[in-house]
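Each remark here refers to the structure printed beneath this line.
The values are calculated or read from the model by the stated rules, or taken from the named source; none is laboratory data. Quick caveat: nothing in here was measured; it's all calculated off a predicted structure. A quick note on method: Cβ atoms are made from the backbone with ideal geometry, for glycine too, and the neighbour counts reach across all protein chains shown.
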Amino acid sequence: MGETNIKETVREKYGQAALRAQSGGSSCCGASTSCGCPDPITSNLYDANQANQIPEEAMLASLGCGNPTALAKLNAGETVLDLGSGGGIDVLLSAKRVGPTGKAYGLDMTDEMLALANENKKKAGAENVEFLRGEIEHIPLPDNSVDVIISNCVINLSADKAQVLREAFRVLKPGGRFAVSDVVTRGEILPEIRESVLLWVGCVAGALDAADYRNKLQAAGFEQVDLEPTRIYRAADAREFLATAGIDADAIAPQVDGKFMSAFVRAVKPAAKE
Ligand SMILES: C[S@@+](CC[C@H](N)C(=O)[O-])C[C@H]1O[C@@H](n2cnc3c(N)ncnc32)[C@H](O)[C@@H]1O
């Protein structure tokens, strides 16, 4: 599947997810759990303290696989950019952290998600928040303009991750921080998983191998690269995902067990030389 097709499929899928969230339902990173049990990737990511800071609708629209705002260092007055901001949960939480002298941008390519995010911004009464329409491969912000880049389960969806990381590097100020939650893999992954479109839009098939993520960040110019696993998925966790894509989870259990994880990925753009 080419880059344009991936983008269109992702846009369509998340457009539908935004409409579901607006009507009160949500689902995990692309898949839905028919068992009624909590989805292992997206459930229970935020604590009660964070939930109390933002409208319930923003919390319900969460489609991430981590909690970058809990792990990232954010200071008052800083500018934060969330790549693939969805319903706006991490932008609204970041806006609280950077305060009225700071600014939180969300960037998303899906109109329905932007509409949902702007509704949530209104409900939150947030004034230091702006949602931008655009692609994470072509960030509509100037060079050296952002202190911290966050993102939650989005970079794995891009067909050109190296370009996303180069763009992240470009817009960060010298010394700026990359602090992202994403799904990553470790070890060989079966070709039928890598090739599944459904698993791609479900944040699985497009996931980078941890070593590859590290290499791509370094190639973009980043330093102090670190990947910290936050959840490691077992074959049983992947059953629903795989079944949706017509793959028999039990048959391939040994090849998926422990190979997919959510990770917190951090890196720093080198400070300017004196
Ligand atoms: C899995 S959802 C995550 C949303 C949000 N970060 C959260 O935690 O709830 C992925 C989001 O990224 C957006 N997205 C995916 N690929 C993108 C791209 N190449 N450029 C801009 N937005 C993208 C989708 O429209 C969707 O809103």
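What to note about this one:
- Residue, surrounded by the most Cβ atoms within 10 Å (Cβ to Cβ), within segment 47-58, restricted to residues that are more than 10 Å from the ligand (Cβ to nearest atom) and aliphatic (A, V, I, L, M): Ile54
- Of the residues screened, Pro38 is not one that is at pLDDT 95 or above and away from the ligand (no atom under 13 Å from the Cβ).
- Top-ranked residue in segment 91-127 [being under 21 Å from Ala168 (Cα atoms) and assigned to a loop (DSSP other than H, G, I, E, B); ranked as farthest from the ligand (Cβ to nearest atom)]: Gly102
- Boolean, Ala251 is free of Cβ contacts under 8 Å to residues at least 12 places away in the same chain, farther than 24 Å from Asp82 by Cβ and either of a type outside the set (Phe, Trp, Tyr) or not in a helix (DSSP H, G or I) (or both): yes
- Just one residue in the set Val154, Val148 is away from the ligand (no atom under 13 Å from the Cβ), surrounded by 24 or more Cβ atoms within 10 Å (Cβ to Cβ) and touching a residue at least 40 places away in the same chain (Cβ under 8 Å); that residue is Val148.
- Hey, Asp160 at pLDDT 90 or above and within 26 Å of Arg239 (Cα to Cα) or not: no
- Helices (runs of 4 or more DSSP H) fully within segment 141-223 counting 2 or more residues that are within 19 Å of the chain's Cα centre (by Cα) and basic (Lys, Arg): 161-171, 210-220
- Residue match in segment 184-196 (condition: crowded, with 19+ Cβ neighbours inside 10 Å, out of contact with any strand residue (DSSP E or B) (no Cβ under 8 Å at 6 or more places or on another chain) and either over 11 Å from Leu83 (Cα atoms) or acidic (Asp, Glu) (or both)): yes
- Criterion violated by Val164 - all others in (1) more than 19 Å from Leu19 (Cα to Cα); (2) surrounded by fewer than 24 Cβ atoms within 10 Å (Cβ to Cβ) satisfied: (2)
- Of all residues in segment 75-90, none satisfies being surrounded by fewer than 20 Cβ atoms within 10 Å (Cβ to Cβ) and within 10 Å of the ligand (Cβ to nearest atom).
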